[in-house]
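Please read the structure below before turning to the comments.
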Amino acid sequence: MKKLSHTDESGRAKMVNVGHKPDQFRRARAEGDILLQPETLHLIRENQIKKGDVLTLAQIAGIQAAKQTSNLIPLCHPLLLTGVKVDTEILSDRIRVTGEVTCNGATGVEMEALTAVHIALLTIYDMCKAVDQKMTMQQIHLVFKEKKDAS
């Protein structure tokens, strides 16, 4: 079994030193769903949720969250992100959120992509909680991550 990289020889938490690693193009995509009642989905489609445009605000919240990941997760490195894209798709019984993050750096952006999705889903939840007490967030996962020479 591999040793955890965020612990020292004593088992205490540490931030990994990535100073020796070369900058590479990094990209990660994550996605997740929030199950909603049909009536709630109708209200979202018709932009009738009293708090405002649910999908646009979820996208903005996800983008902001990706940029704040190192402030939220203690051992994450602050990264200079080159791109953050958050998309929403209304399906028959849910909204799917996809977050994709890119940077040129020494460490990956999977935590930023996952954070974007989580916060976008939480924003949908917050905006719809007055009309739907049965919402469930699920299947939040990393779809892929990649790195390649930044040339």
> Of the residues 107, 98, which single one is in a strand (DSSP E or B), in contact (Cβ under 8 Å) with a residue 40 or more places away in the chain and of a type in the set (S, T, N, Q)?
Replying inline: 98
> Only one of these conditions is not met by residue 130: (1) out of contact with any His (no Cβ under 8 Å at 6 or more places or on another chain); (2) buried (at least 16 other Cβ atoms within 10 Å of the Cβ); (3) in contact (Cβ under 8 Å) with a residue 40 or more places away in the chain. Which number is it?
Replying inline: (2)
> Among the residues of region 102-126 satisfying the criterion of being more than 11 Å from the chain's Cα centre (by Cα) and buried (at least 22 other Cβ atoms within 10 Å of the Cβ), which is farthest from residue 67 (Cα to Cα)?
Replying inline: 124
> In region 19-61, how many residues are surrounded by 11 or more Cβ atoms within 10 Å (Cβ to Cβ), in a loop (DSSP other than H, G, I, E, B) and either in contact (Cβ under 8 Å) with a residue 40 or more places away in the chain or in contact with an Asp or Glu (Cβ under 8 Å, 6 or more places away or on another chain) (or both)?
Replying inline: 7
>> So residue 134 passes all but one of these: (1) among the basic types (Lys, Arg); (2) closer than 18 Å to residue 29 by Cα; (3) not in a strand (DSSP E or B). Which condition number does it fail?
In response: (2)
> In region 62-84, is there at least one residue being assigned to a strand (DSSP E or B) and either farther than 21 Å from residue 26 by Cα or without any contact (Cβ under 8 Å) to a residue 24 or more places away in the chain (or both)?
Replying inline: yes
> Conditions: (1) assigned to a loop (DSSP other than H, G, I, E, B); (2) touching a Ser or Thr at 6+ places or on another chain (Cβ under 8 Å); (3) small (Gly, Ala, Ser). Residue 92 meets all but one. Number of the miss?
Replying inline: (2)
> Of the conditions (1) under 19 Å from residue 27 (Cα atoms); (2) part of a helix (DSSP H, G or I), residue 121 fails just one. Which one is it?
Replying inline: (1)
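We did not get these values from a lab; they are worked out from the coordinates using the rules stated. As the structure is a computational prediction, the values presented were derived from the model and not from experiment. So basically every Cβ, Gly included, is an ideal-geometry build from the backbone, and we count neighbours across all protein chains shown.
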